[in-house]
Amino acid sequence: MPDIPSVRRPLDLDRLRRLGATSAPLCAVRSALSASIAYSLALLLGLQQPLWAPVSALITARDSWGDTFAECRSRILGTVVGTLLAILGSIVLRPFALSPVVNLALVTGATAAIVSFRPEWRVGLWTASITLLSQAPDTGIWGTGLARFCEVALGAIVATLVSAAEFQLVRRWIAGRR
């Protein structure tokens with residue numbers, strides 16, 4: 001397995017600075033690549049709302065590979081929670097013919113209660129709301145939920161892969177400067 005920086009052994013950004021590198025260009029390249037690759041893949045896959053892939057990628061990317069991986073895991077798990085609660089809420093509340101605002105309040109409240117035990121899943125709040133409010137009549141709640149999950153997961157995974165590649169390249173650069 002490659003020697004990838006982690007939360008326990010983060011990439012030494014101070015060492016990078018002493019060697020003449022700054023984190024600003026790294027952040028700029030990481031962000032540009034993550035967003036553009038995620039958006040391109042979302043378009044290529046024909047996802048309903050491809051804009052969520054680059055947004056997710058930009059939110060996921062961090063200054064260390066370990067932090068990025070942890071954020072990716074949290075985003076995906078939180079997105080699963082939010083998506084499932086939006087689907088469940090929509091199905092359970094449908095017979096009551098409540099207004100979309102009341103449905104949103106009930107589903108968001110239930111999601112908030114659950115993610116309060118796991119704050120790293122807070123993205124579930126946004127996902128539940130977005131899934132409920134972006135339902136397309138032709139796809140229904142199941143299709144909408146699956147689409148939102150795919151868009152968010154794609155962005156998070158792309159950011160993690162870009163981050164892993166970046167930190168491997170930087171590690172090799174540091175090793176070559178020693």
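Model label points for Leu146 and Leu93, set 7 angstrom from Cα along the Cα-to-Cβ axis, are 2.3 nm apart. With respect to the chain, whose longest principal axis is taken over its alpha-carbon atoms, helix 140-177 is tilted by about 10°. What angle, in degrees between 0 and 90 and rounded to the nearest 10, separates the Cα long axis of helix 100-115 from the longest principal axis of the Cα atoms of the chain? On a 0 to 90 degree scale, this one is about 50.
Taking the Cα centre of the chain as origin and assigning +1 to Lys and Arg Cβ atoms and -1 to Asp and Glu Cβ atoms, the resulting dipole is close to 640 debye.
For the chain, the longest principal axis of the alpha carbon atoms and the long axis of helix 123-133 meet at an angle near 40°. Ordering Ser134, Thr68, Gly124 by Cα displacement along the dipole of the chain toward the positive end leaves Thr68 in first place; charges were set at the Cβ atoms of Lys, Arg (+1) and Asp, Glu (-1). Estimated purely from DSSP H runs of n ≥ 4, each contributing -39500 (n - 2.57), the mean residue ellipticity at 222 nm for the chain is -25500 deg cm²/dmol once divided by its residues. Can you bin segment 115-178 into rounded, prolate or oblate? Criterion: square roots of the alpha carbon gyration tensor eigenvalues sorted a ≥ b ≥ c, rounded for a/c under 1.5, prolate for a/b above b/c, oblate for the rest. The shape class here is oblate.
A short reminder: the numbers here are calculations on the coordinates, not readings from a lab. Source: prediction; values computed, not measured. Here the Cβ is made from the backbone with ideal geometry for all residues, glycine too, and neighbour counts use every protein chain on show.
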